[in-house]
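Notes to accompany the following structure.
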Amino acid sequence: MNLRPTTSGGRSRSRLRTGLAVTAAVSTSLAMAACNRGSSSDSAASGGSSPIGVVLITKDSTNPFFVAMQKGAKEDATKQNVDLTVASGKQEGDDQGQITAIEDAIARGDKGILITPMSTGVNAAIKKARDAGLYVIALDTPPDPADTVDITFATDNRLAGQLDGKWAASTLDGKAATIALLDLFNDKIVSVDYDRDQGFLEGMGIDVADPKKNGDEAKTGKYTGGKGGDYTIVCNEPSNGAEDGGRTAMENCLSKNPAINVVYTINEPAAVGASTALKAAGVNDAIIVSVDGGCAGVKSVKDGTIGATAQQYPLKMATLGMEAIAKIARGGEKPTTSEGLEFFNTGVALVTDKPAAGVDSITTDEALKICWG
């Protein structure tokens, strides 16, 4: 059984891919992190010293991705002898909620911050924390610019989008693509937003104009992925990464063109909302692709709600981040980025039960053994 998330070693279009064995590199390492309580290695990690203060700040506390991340951090806190505080924004887009949590961490005298940064709106607060001596690690969402934080542990979101796009193009089998792009925001700049959106278009074989900007590519033309064909981009609509947002965004897109047959979504909650809107409009054969790979999302692929999704590993992000801050606070070495990237790549694998020629993927049965949430 080949359970391999894809990793990359560069930012060029022809990204170098290497395999990380998920069973060994993700499942085993996380099981050890969760289960090896009270061992000699635990004692070495904590140094027998007093607990250090760390805060985990996610975008919200309801999205299964962030719930899984919080769970992983809480489980690892005991092993690392960390006094963990968990905070979040009220919802996607709540910059102020994250800023308040950062300021609270400074006031408490915490040693480090793990954060899934909401947008560039939190950059100034992160700088304030670093100036105060806190070590700041971004999880999942690389900030813009990347050096806003000390290091990021994240999925290669560009590659995740590219895998979705390649699969969609191949699945179309030369048919014309009428595309809806359900993004995260339309009023904030977030790297995970443009990386997934623009990566999807690159995977489809559609030229992007500014690779860090959604919506400025040609609205009609030829896609070159798979067998190639004509394409029309109907819309870029914000979903806020939520099911109701995905439904509303899809309804808005369908009002512009009811012939949509390809739907890219920022995450699986948005994808489920989009599917609801499509079915209500009598559209049952649209290709829907997404990113996350939580257990609920994988099941949505298995039942046909979503065609394919790119699986991420939030437990690994949280565990590695917690370990890094604990080590640094006790005089250990700082982590380094993956070769050729501005972050530490935690891996990605395309999940589908309808494999496409030339696109590496794993099945839903395989993905359910390593999913989260």
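Data overview
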quantity	calculated
Residues of segment 348-372 classified as open to solvent by less than 30 Å² (accessible area, probe 1.4 Å) and small (Gly, Ala, Ser), total	3
Residues satisfying the stated conditions in segment 345-368, i.e. under 15 Å from residue 226 (Cβ atoms) and part of a strand (DSSP E or B)	350
Condition check for residue 221: farther than 18 Å from residue 144 by Cα, open to solvent by 10 Å² or more (accessible area, probe 1.4 Å) and in a loop (DSSP other than H, G, I, E, B)	no
Hits in segment 87-123 (condition: open to solvent by 50 Å² or more (accessible area, probe 1.4 Å), in a helix (DSSP H, G or I) and more than 16 Å from residue 137 (Cα to Cα))	96, 100, 104, 107, 108
Conditions (1) at pLDDT 95 or above; (2) of a type in the set (Lys, Arg); (3) within 30 Å of residue 304 (Cβ to Cβ); number of the one not met by residue 334	(3)
Search result, residues across segment 172-201 that are modelled with pLDDT of 95 or more, of a type in the set (D, E, K, R) and within 18 Å of the chain's Cα centre (by Cα)	183, 193, 195, 196, 197
Residue tally, condition in contact (Cβ under 8 Å) with a residue 24 or more places away in the chain, open to solvent by 10 Å² or more (accessible area, probe 1.4 Å) and more than 16 Å from the chain's Cα centre (by Cα), over segment 135-145	1
Qualifying residue in segment 190-205 (condition: farther than 28 Å from residue 357 by Cβ and of a type in the set (A, V, I, L, M))	yes
Count - residues of segment 159-176 that are surrounded by fewer than 24 Cβ atoms within 10 Å (Cβ to Cβ) and touching a helix residue (DSSP H, G or I) at 6+ places or on another chain (Cβ under 7 Å)	0
Matching option when the condition is without any contact (Cβ under 8 Å) to a residue 12 or more places away in the chain and farther than 24 Å from residue 345 by Cβ, among 209, 242	209
Residue in segment 187-209 that is outside any strand (DSSP E or B), among the aromatic types (Phe, Trp, Tyr) and either open to solvent by 10 Å² or more (accessible area, probe 1.4 Å) or touching a strand residue (DSSP E or B) at 6+ places or on another chain (Cβ under 6 Å) (or both) present	yes
Which numbered condition residue 319 fails, given (1) free of Cβ contacts under 8 Å to residues at least 40 places away in the same chain; (2) assigned to a helix (DSSP H, G or I); (3) of a type in the set (Ser, Thr, Tyr)	(1)
Filtered residue count, segment 251-273, keeping only those that are aliphatic (A, V, I, L, M) and either touching a Leu at 6+ places or on another chain (Cβ under 6 Å) or in a loop (DSSP other than H, G, I, E, B) (or both)	4
Set 41, 119, 50, 61: member being modelled with pLDDT under 95, of a type in the set (Ser, Thr, Tyr) and in contact with a Phe, Trp or Tyr (Cβ under 8 Å, 6 or more places away or on another chain)	119
Every residue from segment 146-171 that is within 17 Å of the chain's Cα centre (by Cα) and either farther than 26 Å from residue 352 by Cβ or part of a loop (DSSP other than H, G, I, E, B) (or both)	146, 151, 152, 155, 156
Unique match (being surrounded by fewer than 21 Cβ atoms within 10 Å (Cβ to Cβ) and either among the basic types (Lys, Arg) or free of Cβ contacts under 8 Å to residues at least 12 places away in the same chain (or both)) among 333, 339	333
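Results for (1) closer than 20 Å to residue 158 by Cα; (2) buried (at least 17 other Cβ atoms within 10 Å of the Cβ); (3) in contact with a strand residue (DSSP E or B) (Cβ under 8 Å, 6 or more places away or on another chain); (4) of a type outside the set (Gly, Ala, Ser), shown as yes or no for each residue.
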residue: 279; (1), (2), (3), (4): no, no, no, yes
residue: 291; (1), (2), (3), (4): yes, yes, yes, yes
residue: 301; (1), (2), (3), (4): no, yes, yes, yes
residue: 305; (1), (2), (3), (4): no, yes, yes, yes
residue: 312; (1), (2), (3), (4): yes, yes, yes, yes
residue: 319; (1), (2), (3), (4): no, yes, no, yes
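The values are calculated or read from the model by the stated rules, or taken from the named source; none is laboratory data. The model shown is predicted, which means the values in this text are computed figures rather than measured ones. When we count neighbours, we look across all protein chains shown, and the Cβ atoms used for this are built from the backbone with ideal geometry, even at glycine. Accessible surface is based on the protein model in full, side chains and every heavy atom, while ligands, DNA and RNA are left aside. Shrake-Rupley method; radii C 1.70, N 1.55, O 1.52, S 1.80 Å.
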